[in-house]
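Below you'll find the structure, written out as structure tokens, and then a few comments.
The values are calculated or read from the model by the stated rules, or taken from the named source; none is laboratory data. Being a predicted model, the structure only gives us computed values, none of them experimental. FYI the Cβ positions are ideal-geometry reconstructions off the backbone, even for glycines, and counts take in every protein chain you see.
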2 protein chains.
Amino acid sequence: MCVSLLRAFCRECPFDFVRLKMNPHGNEEPVFEIGVVIPRRVVQEKDESCDCAYVLVKEFEKVGFVVERVIGIADEFIKLAAPLETLGRAAAELQIKKRTLIGMDLQFEVEEVKAFVKQPDGSVFSWCERFQCYCHLIYGIVNNKSVKTLKFDGKEIHWKIGENLLLKLESENIVKQVFPLHDEKKRKKLLRSWALHWWHFTNQPIDEIYSYYGAKIAIYFAFLGMYTRWLLFPAAFGLTLQLIDFGSLKLVVLPVFFIVVILWAIMFSQFWKRKNSALLARWPISFADATDQGYRIPGTKASSWQPPIELMKVFESDRAKEKELFQRYEWLGRLMRFRNDAIIIFSIICLQLPFELAYAHLYEVLDSDIIKFGLTAIYLFAIQYITKIGGKVSVKLIKKENNENTEKRADSLIYKVFGLYFMQTYIGIFYHALLHRNFYTLRQVLIQRLLLSEVLENLLENSLPYLKYSYKKYRVRHKKGEKGEAREKIQFTSRVEKEYLKPSYSASIGDELEDGLFDDFLELALQFGMILMFACAFPPAFAFAALNNLMEIRTDALKLLAILRRPVPRAAATVGAWLNIFQFLILMSICTNCALLAWLYDEERKWKIEPGLAAILIMEHVLLLIKFGFSRIIPEEPAWVRANRAKHTTQAQNMCYKKLLRTISGGDKGFGEGKKLE
Amino acid sequence: MCVSLLRAFCRECPFDFVRLKMNPHGNEEPVFEIGVVIPRRVVQEKDESCDCAYVLVKEFEKVGFVVERVIGIADEFIKLAAPLETLGRAAAELQIKKRTLIGMDLQFEVEEVKAFVKQPDGSVFSWCERFQCYCHLIYGIVNNKSVKTLKFDGKEIHWKIGENLLLKLESENIVKQVFPLHDEKKRKKLLRSWALHWWHFTNQPIDEIYSYYGAKIAIYFAFLGMYTRWLLFPAAFGLTLQLIDFGSLKLVVLPVFFIVVILWAIMFSQFWKRKNSALLARWPISFADATDQGYRIPGTKASSWQPPIELMKVFESDRAKEKELFQRYEWLGRLMRFRNDAIIIFSIICLQLPFELAYAHLYEVLDSDIIKFGLTAIYLFAIQYITKIGGKVSVKLIKKENNENTEKRADSLIYKVFGLYFMQTYIGIFYHALLHRNFYTLRQVLIQRLLLSEVLENLLENSLPYLKYSYKKYRVRHKKGEKGEAREKIQFTSRVEKEYLKPSYSASIGDELEDGLFDDFLELALQFGMILMFACAFPPAFAFAALNNLMEIRTDALKLLAILRRPVPRAAATVGAWLNIFQFLILMSICTNCALLAWLYDEERKWKIEPGLAAILIMEHVLLLIKFGFSRIIPEEPAWVRANRAKHTTQAQNMCYKKLLRTISGGDKGFGEGKKLE
């Protein structure tokens, strides 16, 4: 791309040329968003042009980054900032599709930047897009001149022609990590306006969260906020039920509470969808962005697996054959997923269920509190391993599925792992409540889980990362100390080094497909199921949950802003699989609450049901479940129709997208003029 | 628009310039698609330029129609054909949005015809779009020169400046009707390849039906075909159950049949959605077409009511206010619809239900067959009136709703009227089956309804229009005969007059919102409910239904092709409300079949259920129903989001749509070249 042209564009460009900020002294400061870590060298190279770090910096500058080198205590850091010019070039190379003013997603072109819809904060690229561009640029440095010999701490590395510099250095352990950096200004602003704003209850600056963390995390907090706000109503109702003694009316009030709570949950799940689409209307998220390439952890390559596109190219000529192939492909994929789900469900029922039931039964039978305590300790120890194994098995199974994109794969993982957690969390309660009709134990367990475990979890969630961080700091100091320096004097002066030592936002089941959001959503879903499924047995549970979530909003914010590294942005802009899990929990809760009500009314155990009738009722419920689940399993649009449409329109779009963009950005001018004329 | 430019375009245009066909003699024949009826005059005007019919023809020719005058026995006919040139102009004036090659719907422009996706038969406009253009042109003739005095059979009409000619003449009863004409060639071809192709079972030339009748009718036949094809499986299963005596296994086989049939129904409804989207992929139906203006009966003006667009214009400045207004508007509309539905449901339960139950009870109690027969006759007579009144009330209520478009309004009518028919058809059967456990009467009623009434209905459906047609012919002859001509000699030589005398494809509940498809779909839905809801009581019902539907396909085709006028095309391209009704029937059938099974197993009436438990079960089922119905009531996307998006994108699109089109049709050229280069 011609540089002079770019310059010309940039002169005209209405947006900030480099992502610069005015510091208090008036001169401009670039915003560094990515950090590259290399170990601190012992031996300084004499010939700088052979020095690995030097070459790396030079190459980064050649690409167009603004580079700053920071020498920390144990490591050296290269901080990178990208001017809009560089980002634009990368976006064009990546063929990132962005929403244009006419509502269509087209490939980004630097010259026609006016044709694209801006972000709510006025910038051209969202954080997720910027991150994609950074990754592309950093991992795009290739030797195209001659073989170079790089030296690092005495080690010699031969950088061959056509070899990727970063991957090479990573394999040699010279580049230790590439990670996104916090933007201090914005972070501090968010800390003030969000994390420390306790008295704002459920209000949060969602748009700012979106532009700082990306869509997925912003959606999580929007969901958490709305859920908590909505929770206040059943919380008040539940507390009233608990505090006021209705006497003989109690048995009338309880079903009313049940119906109100279920209606509340149904309305909540539907109104959340509306809220979500309203949020998406505010953020110009392109469809491709939300489904295609978004989430990529640095270092991992984009999966080379993309059969639909390959199929597309190969079978362009024969439509009937193409359709057949697509259909076979679609159904095979579905079969694989079905098989995997069956394996998971089967192993949960055959392996986990007996274990959980054994624990619940022993807990019910045993009298001695000490033995109970020991049993619980063993149990808690065991489930740690079980969930870990389950997560690993699920990830392995999912790798063989042909899900369309990373987000779909993450959803598949969520469903599978949630099955495990569902069993683990609820089966004991079911055992006490439904089999033994032991309402006392049930309430005890609920209070225990809701109060103790949530407070503990909140504490753990925040203190564990901090402890990890402190330990890492200690180790660095310790190592240095061994080399003779006074430990007390070692201060972490550079912010980037501190960030490097902070733990990342990762999921407890491994970060291959999910990040820390998995744990946060899991906590919410389990809480939702707990309070809703046993609503009739313990109405004030809603109040506990509301209180806990009000805390959760700020502690999660604090965790993200102060304790963890800035997470890798994810493009998906919906809650994804979790909403379906919430819907499933609502369904379950209709059935469980009915059973609870029946047990509550039937105190003398006089009600009987014929086994034949019971069988018919079970059959009915299973069929109803299938009726409502089926439409989720089989999509309404066949894969070949979608592929066909995509093929035709994208072919035509790609053929003339440059002209289209010119038209739109020109049309935009006319559009503005038209407005003036009005 | 400059005529020379148009000519130039037409020379270049790759499509047939006028919709011409080669007749067997080699010269070209225009296809007349609209007929205008005026009464045959007694007095011939001397001054032709004042003659009403003459002026009308001249005006039509001025607009660009190819005109043919046919003098019939009682009336005179003006047949109109439109060259592509005329249609294109009308489409551009109407700002019809058509699918372009880049997958976006843009306003039609004659010069850029290459940018638009062609119909499957290669033409530019679909029948629905052509019809829209015809209506626009016919009802767009306005006097813009000077007051003219037109004479007709001695009557004098002053055609004032700015007055609409057709509306004026219609109000003076000179233009009796404007109606779509059959295309003889295509009609005969379809008659051979479709209506008389008995041995093809469920196969039909859907694409040809689409291009001749429009999307809605084609979708009906595709649905009927697929439904019949799918029916064969449960039909075979049901027959096996009936013919083979399973002995003691019978009680095991029946639940299996039930489960299989429900699964079949669930799969069918989901796979139909897939089929529908596959069909839509074949036909380039623009979104605007399917939702906005499509369906307009000639003579009726497009409803002037369009608040959302007005709201849009007025409140462009203030976003927050706009959002609030939209939300109030959306919720008010929903409230109105809810109120109307509540009125209908309330009146069905309070007025219709007692009546139906009274009839069922009397039928159950009475012994004498003669009284039973009389009772049934009175009943049949009464329900005719009830449904008519119900239909009228519903239409009146719907007029006060603010549904988005005509198709949505038609859907709202379907729901309301189906409630009525549902009660009428099934309540008696429920009474016999569930309340009295009278399986003998139940089977009798089912056989009666499935065999007798369907055969009768099929006969009536086809013979009634034919009788009407014959009667009309007779009346014309009779009138002429009174004037002294010999009746036997009066022959209907002109096809257009015969078509004029044919009845139109209209709904039994009035044609304000629905056409004859309502009755056809209603028949299917009632049959579906009948066979599915009582599947366990009478398995061979499926075989009857399959047989009936195999006949139905061809008789409906025959009815449309031979007995009725060509119907006014409708743009909607889905089954609409009917699919939801099918889904509801599946839900109902899960519950009814379970009840039936329980009654069947419990022959000695020993099974008992506590009233408390029964109440809980009913509550559970109601909540489950709400859970699944709620997502249909509250849409996932708020109205203001949709309006906002539409506003922004259409503004931008409208600003530069001409340039966009030029780009695409130019891009199309490049696209073709690109292909060659490959």
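Within the stretch B:530-548, residues that are of a type in the set (Lys, Arg) have Cβ atoms under 9 Å from residues that are modelled with pLDDT of 90 or more in no pair, counting only partners at least 6 apart in sequence or on another chain. For the stretch B:140-155, the candidate set comprises residues that are among the charged types (D, E, K, R) and surrounded by 10 or more Cβ atoms within 10 Å (Cβ to Cβ); within that set, the residue that is nearest to residue B:39 (Cα to Cα) is B:153.
Restricting to the stretch B:531-573, what's the tally of residues that are within 17 Å of residue B:189 (Cα to Cα) and outside any helix (DSSP H, G or I)? Within the stretch B:531-573, residues that are within 17 Å of residue B:189 (Cα to Cα) and outside any helix (DSSP H, G or I) number 3.
Residues that are in a helix (DSSP H, G or I) and closer than 22 Å to residue B:500 by Cα within the stretch B:56-84 comprise B:56, B:57, B:60, listed in sequence order. Here residue B:399 meets the list (1) within 24 Å of the chain's Cα centre (by Cα); (2) in contact (Cβ under 8 Å) with a residue 24 or more places away in the chain almost entirely, failing just condition (2).
Listed by first and then second residue, the pairs with beta-carbon distance under 7 Å, at least 6 apart or on different chains, first residue in the stretch A:241-261 and β-branched (Val, Ile, Thr), second surrounded by 11 or more Cβ atoms within 10 Å (Cβ to Cβ) and not in a helix (DSSP H, G or I), are A:253/A:246; A:261/A:535. Residues in the stretch A:632-647 that are assigned to a helix (DSSP H, G or I) and more than 7 Å from chain B (Cβ to nearest Cβ): A:632, A:633, A:639, A:640, A:642, A:643, A:646, A:647. Restricted to the stretch B:604-617, and to residues there that are of a type in the set (A, V, I, L, M, F, W, C) and assigned to a loop (DSSP other than H, G, I, E, B), the residue that is nearest to the other protein chains (Cβ to nearest Cβ) is B:607.
Can you tell me which residues in the stretch A:618-631 are farther than 19 Å from residue B:264 by Cβ and at the interface with chain B (Cβ under 7 Å from one of its Cβ atoms)? Selection gives nothing. Within the stretch A:659-668, the presence of at least one residue that is on the phi < 0 side of the Ramachandran plot, touching a Gly at 6+ places or on another chain (Cβ under 7 Å) and either charged (D, E, K, R) or modelled with pLDDT of 80 or more (or both) is confirmed.
Taken over the stretch B:491-530, the criterion of being farther than 16 Å from residue B:417 by Cβ and in a helix (DSSP H, G or I) is satisfied by B:495, B:496, B:497, B:498, B:499, B:500, B:501, B:527, B:528, B:530. Consider the stretch A:276-298 and keep the residues that are within 14 Å of another protein chain (Cβ to nearest Cβ) and in a loop (DSSP other than H, G, I, E, B). The one that is modelled with the highest pLDDT is A:283.
Conditions tested, residue by residue: (1) surrounded by fewer than 16 Cβ atoms within 10 Å (Cβ to Cβ); (2) part of a helix (DSSP H, G or I); (3) touching a strand residue (DSSP E or B) at 6+ places or on another chain (Cβ under 9 Å); (4) without any contact (Cβ under 8 Å) to a residue 40 or more places away in the chain.
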{"position": "A:373", "(1), (2), (3), (4)": "yes, yes, no, yes"}
{"position": "A:386", "(1), (2), (3), (4)": "no, yes, no, yes"}
{"position": "A:404", "(1), (2), (3), (4)": "yes, no, no, no"}
{"position": "A:409", "(1), (2), (3), (4)": "no, yes, no, no"}
{"position": "A:413", "(1), (2), (3), (4)": "no, yes, no, no"}
{"position": "A:422", "(1), (2), (3), (4)": "no, yes, no, no"}
{"position": "A:427", "(1), (2), (3), (4)": "no, yes, no, no"}
{"position": "A:441", "(1), (2), (3), (4)": "no, yes, no, no"}
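Among the residues of the stretch A:566-582, the ones that are crowded, with 19+ Cβ neighbours inside 10 Å and at pLDDT 90 or above come to 5 in all. Restricting the stretch B:575-603 to residues that are over 16 Å from residue B:530 (Cα atoms) and of a type in the set (Phe, Trp, Tyr), the residue that is nearest to the other protein chains (Cβ to nearest Cβ) is B:601. Scanning the stretch A:254-275 for residues that are of a type in the set (A, V, I, L, M) and at pLDDT 90 or above turns up A:256, A:259, A:260, A:261, A:262, A:263, A:265, A:266, A:267.
The residues of the stretch A:156-178 that are surrounded by 13 or more Cβ atoms within 10 Å (Cβ to Cβ) and outside any loop (DSSP other than H, G, I, E, B), listed by number, are A:157, A:159, A:164, A:165, A:166, A:167, A:168, A:169, A:170, A:177, A:178.
Taking the criterion of being within 26 Å of residue A:555 (Cα to Cα), among the polar types (S, T, N, Q) and exposed (fewer than 14 other Cβ atoms within 10 Å of the Cβ), the residues of the stretch A:443-472 that qualify are A:448, A:463, A:470. What residue, among those in the stretch A:99-139 that are assigned to a helix (DSSP H, G or I) and within 14 Å of chain B (Cβ to nearest Cβ), is surrounded by the fewest Cβ atoms within 10 Å (Cβ to Cβ)? For the stretch A:99-139, the residue satisfying everything is A:114.
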